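The values are calculated or read from the model by the stated rules, or taken from the named source; none is laboratory data. On a predicted model such as this, the values are computed, not experimentally measured, just so you know. So basically every Cβ, Gly included, is an ideal-geometry build from the backbone, and we count neighbours across all protein chains shown.
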Amino acid sequence: MIIMDAYPLSKGHCLVLPKQHLVRLDELSSKERTRLFELGFLVNESQKANQLGVHGTNILLNDGKAANQTVPHLHLHLIPRQTGDLIKSLPRLALHISGLFGLKTKRKQLDEQANALRKTLAIDL
């Protein structure tokens, strides 16, 4: 599945996750791991096509509690980045790390971003 992060670190922050409940990366087969990261690549290309993350992308997978995995379901973050946006994103990052997450982004805004990304995503969903 590909979903929008309700507490994004930047506009267009997406999550790629398996439909089955898994907590750790080593619970996926080699084929499933390949698919997870291939979908991540395709989402990243869609983000760029929508002028999100054209300067860079953080691709993040917190694998286990010691790695700051606060949600016990395996998921890959695709976080679009712009040059110089670190200061702006630090408060949201601090909330993510703490597990508090902060304010939810409005559903309408997330839906608009998801629809734009869906139009340029190079796969059939």
Search result, residues across region 71-125 that are in a helix (DSSP H, G or I), at pLDDT below 90 and not aliphatic (A, V, I, L, M): Lys88, Ser89, Pro91, Arg92, His96, Ser98
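Table: residues versus (1) modelled with pLDDT of 95 or more; (2) farther than 22 Å from Gln113 by Cβ; (3) not hydrophobic (A, V, I, L, M, F, W, C).
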position: Ile3; (1), (2), (3): yes, no, no
position: Cys14; (1), (2), (3): yes, no, no
position: Lys19; (1), (2), (3): no, no, yes
position: Val43; (1), (2), (3): yes, no, no
position: Leu52; (1), (2), (3): no, no, no
Flag if Leu15 is in contact with an Asp or Glu (Cβ under 8 Å, 6 or more places away or on another chain), within 22 Å of Gln109 (Cβ to Cβ) and aliphatic (A, V, I, L, M): yes
Near pairs, Cβ below 8 angstrom, 6+ apart or cross-chain, from region 9-28 (within 17 Å of Glu45 (Cβ to Cβ)) to any residue that is of a type in the set (Ser, Thr, Tyr) and surrounded by 18 or more Cβ atoms within 10 Å (Cβ to Cβ): Ser10/Ser89
Residue in region 60-70 that is surrounded by fewer than 18 Cβ atoms within 10 Å (Cβ to Cβ), of a type outside the set (D, E, K, R), part of a helix (DSSP H, G or I) and touching a helix residue (DSSP H, G or I) at 6+ places or on another chain (Cβ under 6 Å) present: no
Search result, residues across region 4-40 that are part of a helix (DSSP H, G or I), under 14 Å from Leu76 (Cβ atoms) and of a type outside the set (Asp, Glu): Leu25, Arg33, Thr34, Arg35, Leu36, Phe37, Leu39, Gly40
